[in-house]
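Just below is one structure, and these are the notes that go with it.
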Amino acid sequence: MPEAAAETGRCPENRVKAGDFPMRRAGILMPLFSLPSPYGIGTMGEEARKFVDFLSAGGQSCWQVLPLGPTGFGDSPYQAFSSFAGNPYLIDLDTLAGEGLLLPEEFRGLDWGSCPERVDYGRLYEARWPVLRRACARLLKQDRAEFAAFCQEQADWLEDYALFMALKDSRGGASWLEWPADLRLRRPEAMAAAREALAAETAFWKGTQYLFFDQWRRLKEYANQRGVAIIGDLPIYVAMDSAGVWANPEQFQLDENGLPTEVAGCPPDGFSADGQLWGNPLFHWERMREDGYAWWLRRIAFQFRIYDTLRIDHFRGFDSYYAIPYGETTARNGRWRPGPGSGFFQAVNRALGKRDIIAEDLGFLTPSVRRLLEDSGYPGMKVLEFAFDSRDTGGGYLPHCYTPHCVAYAGTHDNDTIQGWMASAPEKDTALAKAYLRLNKREGYHWGMIRSVWASPAGLAVIQFQDLLGLGSEARINTPSTLGDNWRWRTLPGTYNRALARRLLRETEIYRRLPGTTKIRE
């Protein structure tokens, strides 16, 4: 959730020329885990391909997903055990059965949860791992050349991730901060002993990654062949309990015992009196600068091997970041510290060339943050729901402030759905939205707001799928600073159908965001 915006009632200055972002495109934000399947969570199987067909038939150019990493505490995709690994829960089991790695009776009769509209992560934890162990056991017996090649190509992160997960499992899932000092601090003798003792376990974790990325590669190719680009999402921070921090402690602000000195968050504002205490370790930017940001360059380069476009989360953290003393229970006592600034993005451009990056520039935008965004050349984000917040009337989120060089949303995964927002926001806020956007119940408030995003000058307009369905707060993906009911919403089979695709196609064509279409499958 972004902090309160800096300006009220007027549009911020934008010096980017309209011609810098000439294509008008449209896309849908839909988490992979929110797709329907009989096995408790959306996967990279047949339903994902049907969703791609729906997007193509509806004239959409992009499918935006949330981070695909293996989730930890709280099940948040923004708190993954690795910056590189994929989430094994998203591996499609029917595909594995078709490849001879599973028998149908090994997974089709299991209890995957009682509600098809909610992910039951507890049931997944109990049921999915034994199934994947059977599949990986058969994979490892086959001695596939592709698997060996994958392990060699990805060794720079895969070896550490596999050993990290094997060690974590052997200690009942405990954080690496609770491991014995010789393993916590990666002393050579202890590491060598662990690799030998846990060789079978590390092979299993490598196997899950091979299966994940093999399926993801095929799904992305399917989407690209149908004119649908994949927009990925890169969290700026990494989880403390992750292979990345354990294996690269020198890149973070940690003490001699591996504990963070300060952690990430954002200060108190109009949305939260205590601020947000994220708890992620902070980067040691001075040390990173010395080696040309090598760790970050590897991370971003990897993302562009699996996505077409990359949204970088919390862009303002590259200008300055909020640091909270480790051990604090709220974000009240933090302070701002300088980030790497434009030198970081210059290093990215030198190493990787000019890439298709979206900057998540929501929140408190100081003049220096605006300069950084302008210097980077990346399009920023506009969220329509923010435009009518009476605590900040404008801040550049009203559609008449948009330029072609931005990406517009009605709401993101951190916002309520449109119908949920209309039902829960202060009456004066929704009254302003109705007046400004000429909303009415007959059309549907959700269609009116979606139409306004499509009609805006923004080069790319992205809508949450649940907003196309007109769903309420029950379909919200995430409520920041809360635990327990986030990252769970799933759609039901048949919701992305011909009728909805036809309406989506018609509206996309009206607002000149249509790239061309293909037929939708039965």
Which ones in the stretch 445-489 are touching a residue at least 12 places away in the same chain (Cβ under 8 Å), of a type outside the set (A, V, I, L, M, F, W, C) and open to solvent by less than 10 Å² (accessible area, probe 1.4 Å)? S456, G459, Q464, Q466, D467
Boolean, R355 is open to solvent by 20 Å² or more (accessible area, probe 1.4 Å), closer than 29 Å to Q154 by Cα, assigned to a loop (DSSP other than H, G, I, E, B) and in contact (Cβ under 8 Å) with a residue 24 or more places away in the chain: yes
All conditions in (1) closer than 23 Å to D233 by Cβ; (2) at pLDDT below 95; (3) out of contact with any helix residue (DSSP H, G or I) (no Cβ under 9 Å at 6 or more places or on another chain) are true of R118 except (2)
Which of (1) in a loop (DSSP other than H, G, I, E, B); (2) surrounded by fewer than 18 Cβ atoms within 10 Å (Cβ to Cβ); (3) at pLDDT 95 or above is the odd one out, the single condition G270 does not satisfy? (3)
Do we have D416 as in contact (Cβ under 8 Å) with a residue 40 or more places away in the chain, among the acidic types (D, E), in a helix (DSSP H, G or I) and under 30 Å from R118 (Cα atoms) here? no
Hey, among L103, L140, L185, which residue is within 13 Å of T208 (Cβ to Cβ) and either modelled with pLDDT under 95 or open to solvent by 60 Å² or more (accessible area, probe 1.4 Å) (or both)? L140
Go through the residues of the stretch 282-291 one by one and say whether even a single one is assigned to a strand (DSSP E or B), open to solvent by 10 Å² or more (accessible area, probe 1.4 Å) and closer than 30 Å to N349 by Cβ. no
Test result for D241, open to solvent by 20 Å² or more (accessible area, probe 1.4 Å), under 24 Å from the mean Cα position of the chain (by Cα) and closer than 30 Å to W179 by Cβ: yes
Filter result for the condition that a residue is among the small types (G, A, S) and open to solvent by less than 60 Å² (accessible area, probe 1.4 Å), over S170, S114, S82: S82
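The values are calculated or read from the model by the stated rules, or taken from the named source; none is laboratory data. From a predicted model like this one, the values you see are computed outputs, not experimental measurements. As a convention, Cβ positions derive from the backbone with ideal geometry for all residues, glycine included, and neighbour counts pool all protein chains shown. In case anyone asks, the SASA skips ligands and DNA or RNA and just uses the protein heavy atoms, side chains included. Shrake-Rupley method; radii C 1.70, N 1.55, O 1.52, S 1.80 Å.
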